[in-house]
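This report concerns only the one structure given below.
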Amino acid sequence: MSRFFARILLLVFPAALAAGAWAQAPQQHVAEASSREAAAAPARVAPIAKNSLFGVFPVSSKSPEARKLVETALDQYENVLLDMSVSTAKKATEKDSHFALAYAVLAFAARRGEPNPAARQKARELAKNAPPEEQLLVRWMTGVEDDNLLPAIASMNDLLAKYPNDPHVLYLTSEWLYFQQDYERAREMMEKILTIDPNNAPACNMLGYSYVETGKPDPVKAIAYLKKYSELQPHQPNPEDSLGEVSRYAGDDQGSIEHYTHALRIIPNFITSQIGLGDTSTLMGNYDRARAEYAKATAMSTNARDSFHIEYQKALVYFWEGKSAEGFAALDALATKAAAAKEPYAVYEISLGRALLTADASEQTKHLEALEAKLSSPVSGMSEGDRNPFLAEILRDEARIHFQLGHSDDAQTAVNKLEKLVSASRDQIVSGDYESALGLSHLQKGDYAAAVDGLSADPHSPLMLQLLAMAQEKSGDAAGAEESLLRLKYMRGPTAEWFLVRHPNANKGVVASN
């Protein structure tokens with residue numbers, strides 16, 4: 001974890017890690033779990049309210065139908081049925097148009113597809129007249145998309161202090177940690193959930209992923225957790241989808257294909273599995289099949305963000321084939337289309353991929369700086385919680401390339417921008433990018449120990465992890481370098497960064513295995 005953000009999160013999540021039972025049994029002692037008030041008294045479980053969610057959270061809605069729909073939407077979210085969760089939450093708002101939490105859940109689930117700022121704002125307005133517990137949930141669910149994450153962190157602290165043993169609070173908290181790329185702490189929390197409820201299916205799913213994304217990947221444990229997940233939910237597609245993805249990380253492409261196919265037998269339009277078939281086929285070198293699978297996924301798509309992502313993945317197939325000219329033409333055409341459609345997430349993904357794959361380093365920086373300019377201020381249709389990490393990634397890559405070119409002043413400018421961004425956002429991913437940019441500066445100076453310290457804060461980037469392994473090797477830490485390369489091994493996917501790791505000479509006509 002980034003040293004900078006560790007200080008912020010130091011008082012976050014202790015209640016969850018110390019929890020001994022679900023909401024039926026109160027925890028006796030909770031360390032300081034709130035950033036606004038010390039937990040001087042033992043945490044107590046709120047009495048069941050007449051109008052409540054899961055029989056625990058008091059809410060404003062007097063509509064049993066609306067409350068049940070919100071419960072269902074949260075269950076669907078935890079089981080990664082995101083489109084269903086959005087649809088169900090929307091129905092809850094129709095049953096009770098004054099139910100703040102219904103709008104909050106709608107916005108919270110939608111943020112992983114097409115953000116819904118109107119629902120988020122409506123939730124905040126309505127929460128003013130809601131019970132304190134509902135207000136707390138709304139503040140956290142809407143706060144994770146804000147520019148500054150401190151209020152969201154404070155609300156999450158308070159949720160854990162008030163409901164230290166509730167499965168939904170524990171799961172949502174640990175999942176957020178996971179998306180902030182604090183995999184170790186997320187894994188600890190998920191494992192704690194399973195000591196309380198061994199059959200908690202969402203926790204098994206998250207553990208499956210965390211065991212291939214931690215500092216010491218263990219694909220055997222990862223697959224074991226996901227197989228248990230599948231056994232617990234044999235009639236749901238997501239367990240097979242997760243097995244498909246993690247099998248690909250582990251290099252079992254045939255197993256990946258089989259699991260994705262199984263998921264599609266359960267729900268024929270489960271789009272992530274259809275995309276997964278295209279992704280795995282790409283890495284297998286079966287490019288015709290990859291394009292055919294992506295075409296099927298496009299036909300299934302229900303929103304522009306998915307459609308553009310699929311077309312982006314399809315354009316990348318050219319690079320895996322060694323046809324970079326065709327690939328750049330496809331990306332340029334797609335970027336123009338995304339800009340015309342005013343789809344900011346697609347513009348970001350396509351433009352960043354285009355920049356990274358550009359052969360000439362000076363041209364790379366020009367593409368990155370143009371993208372930086374687009375994201376340097378709030379963007380319509382993109383949440384601030386997403387814009388900041390995207391901008392940080394761009395600045396980190398600018399610093400990386402400028403350092404490689406020997407442009408120390410330009411690199412330092414990017415580092416300085418990152419420093420300001422991390423101070424404003426308090427986002428762990430942003431902090432990791434800043435720390436790693438400092439590591440790049442030390443790497444250029446030959447201070448390998450300091451470089452390792454900085455680069456280790458950014459474990460989600462294959463290119464940066466590759467540099468970390470190099471710095472560890474030069475510093476004499478052969479074991480650390482081996483561990484980093486092992487972690488890199490399990491990032492295997494059809495992405496621009498993975499392509500550059502596996503095909504560093506592709507633009508020179510040399511193509512390695514996938």
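The values are calculated or read from the model by the stated rules, or taken from the named source; none is laboratory data. Here the structure is a predicted model, which is why all the values come from computation and not from measurement. Note: ideal-geometry Cβ built from the backbone for every residue, glycine included; neighbour counts use all protein chains shown.
The set of residues in region 340-375 being of a type in the set (Gly, Ala, Ser) and farther than 17 Å from Phe390 by Cα consists of Ala340, Ala341, Ala359, Ala361, Ser362. Scoring Pro117 on the criteria (1) closer than 21 Å to Asn303 by Cα; (2) in contact (Cβ under 8 Å) with a residue 40 or more places away in the chain; (3) crowded, with 24+ Cβ neighbours inside 10 Å; (4) of a type outside the set (S, T, N, Q) leaves a single failure, condition (3). When region 282-311 is filtered for residues that are small (Gly, Ala, Ser) and in a helix (DSSP H, G or I), the ones remaining, listed by number, are Ala290, Ala292, Ala295, Ala297, Ala299, Ala304, Ser307. Restricting region 142-156 to residues that are in contact with a Leu (Cβ under 8 Å, 6 or more places away or on another chain) and modelled with pLDDT of 85 or more leaves a set whose member that is nearest to Val56 (Cα to Cα) is Ser155.
For Pro164, the conditions (1) touching a residue at least 60 places away in the same chain (Cβ under 8 Å); (2) assigned to a helix (DSSP H, G or I) all hold with the exception of (2). Does Leu352 satisfy the condition of being out of contact with any helix residue (DSSP H, G or I) (no Cβ under 6 Å at 6 or more places or on another chain) and either in contact (Cβ under 8 Å) with a residue 40 or more places away in the chain or β-branched (Val, Ile, Thr) (or both)? Yes: the conditions hold for Leu352.
Total residues in region 199-227 satisfying the condition of being of a type outside the set (Gly, Ala, Ser) and crowded, with 19+ Cβ neighbours inside 10 Å: the figure is 14.
Checking Lys366, Lys314, Lys337 one by one, the residue that is in a helix (DSSP H, G or I), more than 24 Å from the chain's Cα centre (by Cα) and over 23 Å from Leu418 (Cα atoms) is Lys337 and no other.
Scanning region 368-399 for residues that are surrounded by fewer than 22 Cβ atoms within 10 Å (Cβ to Cβ), more than 23 Å from Gly143 (Cβ to Cβ) and of a type outside the set (A, V, I, L, M, F, W, C) gives Glu369, Glu372, Lys374. Among residues of region 280-294 being of a type outside the set (Ser, Thr, Tyr), over 15 Å from Trp498 (Cα atoms) and over 25 Å from the mean Cα position of the chain (by Cα), the one that is surrounded by the fewest Cβ atoms within 10 Å (Cβ to Cβ) is Asp288. The single residue among Asp458, Asp410 that is more than 22 Å from Thr282 (Cβ to Cβ), modelled with pLDDT of 95 or more and of a type outside the set (S, T, N, Q) turns out to be Asp410.
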